[in-house]
Amino acid sequence: MGFFKRILGAFGFLKHEVRILVVGLDNSGKTTLINHLKPRKAATFEVTPTVGFQVEEFSKHNLNFTCFDMSGESRYRNLWEQYYNDVQAVIFVLDATDKLRICVARDELDELLNHETLKNRTIPILFYANKMDLAGAMTPVECMQTMSLDRITNKAWHITNSNALTGSGVDEGVSWLADKLMERQEAFNHK
């Protein structure tokens, strides 16, 4: 049976199901960013702030993504941990222009990384340094340094610049994430 699955996968007929948690502070651009990943006919052109969470589904790179788009408002952030057990990856969206609250984003990342459910799991984390089109935006390197991402040694991670309004950088980040998820799936299949 494994042989046929590989052939179906090679021709794009077999898609792996992956669940992704999308987090970040409010107004960082999470929902707008996800909107660029959905097929054009499913994309929403008017985005409103997420209350609680939304579930979005789309297919890219032979993967069927189910994204849990979590609200970044402080009163909803405790909901994030309810999904830690069920996800294969995390997308963390940073507002690269919000220099005042980047320390809050770092604190939320610390809570995520140190949570009992996630701290020993090797799930990949994709960081988007979003709003790169705006004046005064920090570069991805500045975001990496401010967030102290180099301390993450037990998980694959990547940071890329993005502009959720135009979609710039969004596909590049998801391609990296898809590669990491496929590597994990192949390693699991060979066990």
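Residue order by solvent-accessible surface for 176, 80 is 176, 80, largest first, with ligands and nucleic acids left out and a 1.4 Å probe. Taking Lys and Arg as +1 and Asp and Glu as -1, the other residues whose beta-carbon sits under 14 Å from that of residue 106 total -4.
Tally up the carbon and sulfur contribution to the accessible surface of segment 71-191 as a whole percent, 1.4 Å probe, everything protein left in place.
47 percent
For the pair residue 114 and residue 155, label points projected 7 Å from Cα toward Cβ lie 1.4 nm apart. So, counting K/R as plus one and D/E as minus one, what does the shell of residues with Cβ under 14 Å around residue 179 add up to? That sum, taken over residues with Cβ under 14 Å, equals -1. The modelled label-to-label distance for the pair residue 134/residue 64, using points 7 Å beyond Cα in the direction of Cβ, is 3.7 nm. Other residues within the sphere of radius under 11 Å centred on the Cβ of residue 137, judged by their own Cβ, net out at -2 (K and R +1, D and E -1).
Skip the ligands, DNA and RNA, and give the accessible area per residue of segment 112-191 with a 1.4 Å probe, whole Å².
52 Å²
Against the criterion of solvent-accessible heavy-atom surface with a 1.4 angstrom probe, 170, 55 sort, most first, into 55, 170. A simple packing score, the average count of other Cβ atoms within 10 Å per residue, orders the peptides 102-109, 135-142 as 102-109, 135-142, with the highest score first.
The values are calculated or read from the model by the stated rules, or taken from the named source; none is laboratory data. All values reported here derive from a predicted model rather than from experimental measurement. Please note: Cβ atoms are built from the backbone with ideal geometry, for glycine as well, and neighbour counts cover all protein chains shown. What goes into the accessible areas is simple: the full protein's heavy atoms, side chains included, and nothing from ligands, DNA or RNA. Shrake-Rupley method; radii C 1.70, N 1.55, O 1.52, S 1.80 Å.
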